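Bear in mind that the values in this text are calculations on the coordinates, not laboratory data. For clarity, every value in this text was computed on a predicted model and none was experimentally measured. All Cβ positions, even for glycine, are placed from backbone atoms using ideal geometry, and neighbour counts span all protein chains on display.
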Amino acid sequence: MGIEITGWGKCTPSAVLTNSDLESILDTDDEWITTRTGVKQRRIAEAPLSEIGTIAAKHALAAADKDPNEIDAVMMATCTPEFLIPSTASRVQMNIGNNTAAAFDFNSACSGFVYGLTTAYSMIHSGIFNNVLLVGGEKVSYFLDWTARDTAVLFGDGAGAVLIEKTNTDSKLHSSKMTCDPFLGEALMLKNFGTSMEIKDPKEGYFFGISFEGQEIFKNAVKTMARLAEEALEESGLSVDDIDLCIPHQANRRILEATAKRCNFPMEKMIINLDQYGNTSAGSIPIALTEALDEGKVKPNSKILFLAFGGGLTGAAAVIDWGGRSHALKTSNEQLPDSGKTALELVQDILNMYQ
Ligand code: UT7
């Protein structure tokens, strides 16, 4: 028995927030954002997260030519859920017209997709499911303090999805390494949400913005991703040269360059699209994977290294075999309805909500 990704898709909202848009509302500039992060623009969504995830999921189902009623489980990696109950995964499940699959959300922040990939492969390997629809996506814009330049410039909204299935091939998950250092958890926090939330004056007592120690996360990200990549390669018995493509979490170009240098990984084999979307947290890897496939960069039987880090502070690395097919069986025309608003107007709506 083999296990492989047979479908893939993305949803990146159409409203584009450029660095020069941010210059008009924050004390920042394109040069600082570009040189320190590599980000040139990001997307801002008006639609609920489940709709964003649903569009990505429908593209993944089309690529695999899979009937939604045959899906065994919908798993959603997100730290910006639409509701606490029901899960965002269950809303995606509803929107694709399935009422029998298992559905659950999980939160490993930006490492969510690799945590989910490992969980999905393991549950298929154990015989619990024949397939899993794994969605990674966020609506981070809702939680950002758009008056704080240190975080506002980094993130964006979007989702990606993959269908993982049991197949009659030798494809497999070679290795997976996942970690979390809770003692560094406060370096990236969305406080006063969930049961810790104190309902006072909304301006003071509400969740508002992400508290953030950029340099601490930066250092930890490089150290952790390089270590996990080496450990995952060692466990799989593969070397850097055996890997055809690395698809990392898209947080900061400098983090990726430093990680690649530390583990002697060639930058040419690394997929980078953060200039277009910023950091979409759990959405970043499946969006980058979908684009790599669309651009013909994933060849049949490629070996792919996924790398991630994020809030927790979590980290993850996984090595998989791509299957024998890297073209979509069908395509879908599904896309989000245009909200008719510019990205700056959507940001202004969020700012107004907190006033
Ligand atoms: O996926 C997990 C989440 N992602 C991350 O956590 C990202 C990890 N961290 C990073 O990517 C980087 O640490 C940042 C991009 C956030 C910051 O880059 P840095 O090189 O570590 O900059 P810094 O925090 O040391 O700030 C340097 C200067 C400061 O000014 P002073 O004190 O030197 O006068 C900041 O106030 O840059 C200033 N600054 C800005 N200036 C213009 C901070 N943000 C901005 C901004 N525009 N947006």
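Some observations on this one:
- What the Cβ-Cβ distance of S211 and S24 gives, at R0 = 22 Å and to the nearest 0.05, is a FRET efficiency of 0.30.
- Overall form of region 227-302 per C-alpha gyration tensor (a/c, 1.5; a/b vs b/c): oblate
- Computed label-point distance, nm, for sites D181 and K219 using a 7 Å Cα→Cβ extension: 0.9 nm
- Beyond 28 Å in Cα-Cα separation lie the following of the pairs K40/K330; K66/K297; K172/K330; K166/K303; K166/K330: K40/K330.
- Estimated FRET transfer efficiency when R0 is 30 angstrom, pair N264-S126 (beta carbons, to 0.05): 0.30
- When the square roots of the Cα gyration tensor eigenvalues are ordered a ≥ b ≥ c, the ratio a/c for region 275-355 is 1.5 or more and a/b does not exceed b/c, which makes its shape oblate.
- Förster radius 35 Å - calculated FRET efficiency between D275 and E234, Cβ distance, rounded to 0.05: 0.65
- Computed 3J(HN,Hα) for region 129-143, one whole-Hz value per residue from the Karplus formula 6.51 cos²θ - 1.76 cosθ + 1.60 where θ = phi - 60°, is 10, 8, 7, 9, 9, 9, 10, x, x, 8, 10, 5, 3, 5, 9, glycine and proline marked x.
- Dipole magnitude (debye, nearest 20) for region 26-133, charges at Cβ of Lys, Arg, Asp, Glu: 160 debye
- Region 1-102, relative contact order in percent, only Cα pairs under 8 angstrom and at least six apart counted: 31 percent
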